[in-house]
1. Got a number for carbon plus sulfur as a percent of the protein assembly as shown's accessible area, 1.4 Å probe?
2. Can you give the accessible area of A:MET147, probe radius 1.4 Å, in Å² rounded to 10?
3. By how many nm would the segment from B:ASP61 to B:SER124 grow when fully extended, if each residue of separation counts as 0.36 nm and the alpha-carbon distance is taken off?
4. Between beta-carbons, use under 13 Å as the cut-off and find the net charge around A:LEU236, counting Lys and Arg +1, Asp and Glu -1.
5. Given 10 °C and 1.306 mPa s, how large is the Stokes-Einstein diffusion coefficient of the stretch B:22-115 in µm²/s, with Rh as the Kirkwood radius over Cα pairs?
6. Go ahead and run the numbers for FRET between C:LEU28 and C:ASP246, Cβ-Cβ distance against an R0 of 22 Å, rounding to 0.05.
7. Accessible area of A:PHE141, 1.4 Å probe, to the nearest 10 Å²?
8. Averaging over every viewing direction, what projected area does the convex hull of the Cα atoms of the protein assembly as shown cover, in nm²?
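The values are calculated or read from the model by the stated rules, or taken from the named source; none is laboratory data. The structure presented is a predicted model; accordingly, all values stated were derived computationally and were not measured. FYI the Cβ positions are ideal-geometry reconstructions off the backbone, even for glycines, and counts take in every protein chain you see. Note: areas computed on protein heavy atoms with side chains; ligands, DNA, RNA excluded. Shrake-Rupley method; radii C 1.70, N 1.55, O 1.52, S 1.80 Å.
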Amino acid sequence: MSDTVPNQPADSGMVSEYKVDGPFWGALKRDLLLSYRRKSDLVNPLIFFLMVATLFPLGVSPDPGFLADVAPGVVWVAALLATLLSMDSLFRSDFEDGTLEQILLSPQPLYMVVLAKVLAHWMLTGLPLTLLAPLLGVMLFLPADGMSGLVISLLLGTPTLSLVGAIGAALTVGLRKGGVLISLLVLPLYIPVLIFGSAAVQGAVTGLPLGGYFAILGAMLSLGLVMAPLAIGAALRISVSG
Amino acid sequence: MPTPRLKIENLFCERDDRVLFESLNFEVNAGEVLQVEGQNGSGKTTLLRILSGLSRHFEGDIYWQGESLDDCAQDYRESLLYFGHQPGVKAVLTPRENLHWYASMHPAIDLAKLDYALEKVGLSGYEDSACHTLSAGQNRRVSLARLYLSSAPLWILDEPFTAIDKRGVAEKEVLIAAHAEQGGTVILTTHHELAMGDKIRRLNLDQLAGTL
Amino acid sequence: MAEKKWMPRWFYQLASPRWCYEITGKLLPIFAIAAVATLLVGTVWALAFAPADYQQGNSFRIIYIHVPASILAQSCYMMMAVAGAIGLIWKMKVADMVAKACAPIGATIAILSLATGAIWGKPTWGSWWVWDARLTSMLILLFLYLGIIALNSAIENAQTAAQSTAVLALVGLVNIPIIKYSVDWWNTLHQPATFTLTERPAMPSEMWVPLLVMVIGFYCFFAVAMMLRLRNEIIQRERRSSWVRDLITG
Amino acid sequence: MSFESFAEFIDMGGHGLYVWLSYAIALIVIVTNIVNPLMHKRQIFIEQASRLRREKPKS
């Protein structure tokens, strides 16, 4: 993104003080700043992530052998649910205070703004989840060989989850009971990421070559990067219009 | 006769089983202030949302400088300043941060006048306090500060004077009149009696409502 | 459009749904007769005349329901997504209504496919449910349908609902091949390829001809059910137009 | 005809329950998909007719 100043102020001496960001940086910086000021939004999905993973030993069996078997799936399912949990708030506050209207009326490309918002969301949920995942891996007795697979698959998979989830968030932003609905709309679409993500971890544990899994996760991410912002933008325009 | 700035042809809109307006035709030219009037529920906000391009639940045509709105959406958005029911102010950000974000979204906003604008809306001294510590009126004034910063020719203002005191309203009226004088166009709704008198054209939606 | 100047606006607005209502009125009986005939012939043929499978015996006769239902559930989704896209791009009201009419039919057909698949699984695999790739894909397709129905019913404004569901259906359409591929791959990873439901060596003609008849019958049935729903939708959306008023009072 | 007797036809070589259950479910699905819109149509007509009667005095 270019960071040019589109409308040079007449008094050029002031320029340095009032640097204007491009739409991408503007949106990204704002969203990061917003969640820095409201820290609970940042921490809640992480706590949820930890809790879900704790439920499995308690609910099924604390046997290390069993947990090691299910760990790849459990960590991935927990990450998926934690992402989903944080999805509802992605556009909701913008919708409620009118900033979403201003975004849609902005002459800046909506694609970029949406991409920036999703990137901010990922940096605040997907990335921390990925960094926290090895801890869960240890708690669930995931063999050490699987850790690299776990982190890299989450790194490649969680942005896709954010992108796809944002479509659901955009479709339900005007609705009062959007939260449950998002899960209904988005979970079936998460299945491919879940399958290849957990399979990559499994593969890492058993020592299989992982290139193929990462290639597929990367391909899904690229497809998501190209297509999802279009769908999100269209969905936002429809939701705000209604 | 030059092409009108904004031309509305055969606008039809229904909401919740009710026809808000049909066969609505009007033009707005440079230098004009148009006040949309009507009772509650007559569709003022809906009309402004349609004109701004937010709502697409209508039939009919809207032309911006002779071009259909669908064909010049980009151009139109660059020329538009919209002030909606919700002021579009983030509560956890400061007025300054909010306006900085506006500037990144809107090239027509000139940040060089930022301090001046905040002073004009009576927020000097509050530039760097989070907006949730400010009153509702002050929050709306943060958004209204855009009027002092923007070089967009078309202003669409939906109830801009809600929660604004008398002096503030008078100042905004002066600003609106000045904008019109410089060749700008303003479309607004308000419950306030405006002192601008004969400079304003009025469009009453009550007479337009009908049933199929 | 020059005609717009002298034609009343409502004429254009209504012409299309009204025409659609009338044309479906004429097509309905044709498809209804065709559906009843093909389904009856196909069922009798499938149940009584088609030979039993040498491996699965008579439980094989479930294929005459399961396969047409699976095919129909998928093409119904396709139709829904395409109709939704047309409605989204060209703002065609009728296309929106077609898309809306497809969703509940598709969902019930997907349920039928799953139910017959499960019933077939019992004598074939010895358990009601097996995570077979096809059944799993169908289950996910059902979830997609349910999501679309839920979204549609959650949005009050008909136009917004139609547009939102069209976007969701299109996203789903892009995803279906990916889901299918991933589930197939996952299935082969977790289960050594055993005896699957429908991947079989070439079927003798005594077996596939009745199957073809049943597939055609299911499509005709779909046409009938879709048109019935479409006509309801038209009446409801156009209820304030004079022709619907005449239809109701007359 | 691949069956000798009617009883054999019903039995389906021991798989009668499964086969007949499948066809019964299919029948239910098909019939509901036809009957449901028809009943809905009746309901719409009743609703709209009463709405028209309600609105008549006004116009």
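1. Working: 20880 of 32940 Å².
It is 63 percent, rounded to a whole number.
2. Number for this one is 40 Å².
3. Roughly 18.4 nm would be gained on extension.
4. Local net charge: +2.
5. 101 µm²/s
6. With a Förster radius of 22 Å, E is 0.65.
7. Only protein atoms counted, so the area is about 100 Å².
8. For the protein assembly as shown, averaging the hull's shadow over all directions gives 39.7 nm².
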